[in-house]
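The values are calculated or read from the model by the stated rules, or taken from the named source; none is laboratory data. Fair warning: this is a prediction, and the values are worked out from it, not measured in the lab. As a convention, Cβ positions derive from the backbone with ideal geometry for all residues, glycine included, and neighbour counts pool all protein chains shown. Surface accessibility is based on the protein's heavy atoms, side chains included, excluding ligands, DNA and RNA. Shrake-Rupley method; radii C 1.70, N 1.55, O 1.52, S 1.80 Å.
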Amino acid sequence: MNTIMEYKWIVLFILEVAAWSVTIFMFYARYRMQSDRWFKFSTVVFALTGVIPQVILGVINFIVVKEVDVFTLVIIILLVYGFTLGKKQIKQLDAWAQKKFAMKSDVS
């Protein structure tokens, strides 16, 4: 637990990068690959790299520090963003991905 707390900012950053990478792959799987299996898989991986570890990190940090510090506030802000403004931006990203990754038919 001490190691996690020592590198909590790095862990959070890596998890955020992983979550966004999985999000892009999720759209790729959905629209370009048209694979329901890979889409579902990436949805699970997103949960395991995004929301769940952030909540766990925030709780562990709060238990260790015994107060709401900057790290805990950042996680709270990320979660509130994700459940409010983030939903709108994900819909916009979904529309972009649908156009970007859509299978193009060959027109001769």
I need every pair where a residue in segment 16-34 that is under 17 Å from Leu57 (Cβ atoms) has its Cβ under 8 Å from the Cβ of a residue that is hydrophobic (A, V, I, L, M, F, W, C) and at pLDDT below 90, sequence separation at least 6 or different chains. Glu16/Leu78; Ala19/Phe46
Among the residues of segment 66-79, write down those that are part of a helix (DSSP H, G or I) and modelled with pLDDT of 90 or more. Val70, Phe71, Thr72, Leu73, Val74, Ile75, Ile76, Ile77
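Residues being hydroxyl-bearing (Ser, Thr, Tyr) and touching a helix residue (DSSP H, G or I) at 6+ places or on another chain (Cβ under 6 Å): count how many of those fall in segment 60-87. It would help to see each step written out before you state the result.
Of all residues in segment 60-87, those hydroxyl-bearing (Ser, Thr, Tyr) come to 72, 81, 84.
The next check asks that each one be touching a helix residue (DSSP H, G or I) at 6+ places or on another chain (Cβ under 6 Å); those that pass are 72.
Qualifying residue count, segment 60-87: 1.
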If only one of Leu57, Leu93 is touching a helix residue (DSSP H, G or I) at 6+ places or on another chain (Cβ under 8 Å), open to solvent by less than 30 Å² (accessible area, probe 1.4 Å) and either of a type in the set (A, V, I, L, M) or free of Cβ contacts under 8 Å to residues at least 60 places away in the same chain (or both), which one is it? Leu57
Return the only residue of Lys66, Lys87 being closer than 23 Å to Asn2 by Cβ, among the basic types (Lys, Arg) and open to solvent by 80 Å² or more (accessible area, probe 1.4 Å). Lys66
Among the residues in segment 35-46, are any over 11 Å from the mean Cα position of the chain (by Cα), open to solvent by 40 Å² or more (accessible area, probe 1.4 Å) and acidic (Asp, Glu)? yes
Within segment 4-22, count every residue that is open to solvent by less than 90 Å² (accessible area, probe 1.4 Å) and over 24 Å from Lys40 (Cα atoms). 4
Residues within segment 91-103 that are at pLDDT below 85 and more than 11 Å from Tyr31 (Cα to Cα), tallied: 0
